[in-house]
Amino acid sequence: MMKSGDGWRVGWHPHGSKYQGLIGANNWAIELTKAELNDFYRLLNQLVDTMREMEAELMDEEKISCEAQSDRLWLEVEGYPQSYTLRIILNGDRRCEGNWTEGIAPKIVAALSCFDLS
């Protein structure tokens, strides 16, 4: 199963031998294990919620940067609470890095919520 939009794509193949997930943008993609994809979804959901909550706390011209990590990956969102970039660094058996432009993170969370990642 694959979901995509302008500037992002995510995929889920529960029967994949080593990698079951895929994340990417228009010009790059990274395959993820089930555990990595679950961490990505959980941490990204936390960051999207944090940015939503910070909107009421910050002045219109204030930017913010928030990070979340597990032993498998590191995520960062940066920008205004209503428009921010997303960055990932994978820490597993392969080193990978990717980023998305403003407005993509909530769309990825919504797309991943449609998959049964259990």
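The values are calculated or read from the model by the stated rules, or taken from the named source; none is laboratory data. Quick caveat: nothing in here was measured; it's all calculated off a predicted structure. When we count neighbours, we look across all protein chains shown, and the Cβ atoms used for this are built from the backbone with ideal geometry, even at glycine. Note: accessible area is taken over every heavy atom of the protein model, side chains too, but ligands, DNA and RNA are not part of it. Shrake-Rupley method; radii C 1.70, N 1.55, O 1.52, S 1.80 Å.
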Pair list, Cβ under 6 Å, 6 or more apart: segment 92-118 residue closer than 16 Å to residue 80 by Cα, other residue part of a helix (DSSP H, G or I): 105/48; 106/48
Criterion: touching a helix residue (DSSP H, G or I) at 6+ places or on another chain (Cβ under 6 Å) and crowded, with 18+ Cβ neighbours inside 10 Å - qualifying residue of 11, 21: 21
Qualifying residue in segment 111-118 (condition: modelled with pLDDT under 95 and hydroxyl-bearing (Ser, Thr, Tyr)): yes
Considering residues of segment 30-65 that are part of a strand (DSSP E or B) and either charged (D, E, K, R) or open to solvent by 50 Å² or more (accessible area, probe 1.4 Å) (or both) only, the residue nearest to residue 106 (Cα to Cα): 65
Within segment 88-97, tally of residues that are surrounded by 16 or more Cβ atoms within 10 Å (Cβ to Cβ) and touching a Gly at 6+ places or on another chain (Cβ under 9 Å): 2
Test: residue in segment 70-82 that is under 16 Å from residue 108 (Cα atoms) and out of contact with any Leu (no Cβ under 9 Å at 6 or more places or on another chain): yes
Residue ID - surrounded by the fewest Cβ atoms within 10 Å (Cβ to Cβ), chosen from residues in segment 66-83 that are over 12 Å from the mean Cα position of the chain (by Cα) and in a strand (DSSP E or B): 83
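Report whether or not residue 63 is touching a residue at least 12 places away in the same chain (Cβ under 8 Å), within 13 Å of residue 112 (Cβ to Cβ) and among the basic types (Lys, Arg).
no
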Residue count for segment 1-19, restricted to those that are basic (Lys, Arg) and touching a residue at least 24 places away in the same chain (Cβ under 8 Å): 1
Odd one out for residue 22 among (1) more than 20 Å from residue 6 (Cβ to Cβ); (2) touching a residue at least 12 places away in the same chain (Cβ under 8 Å): (1)
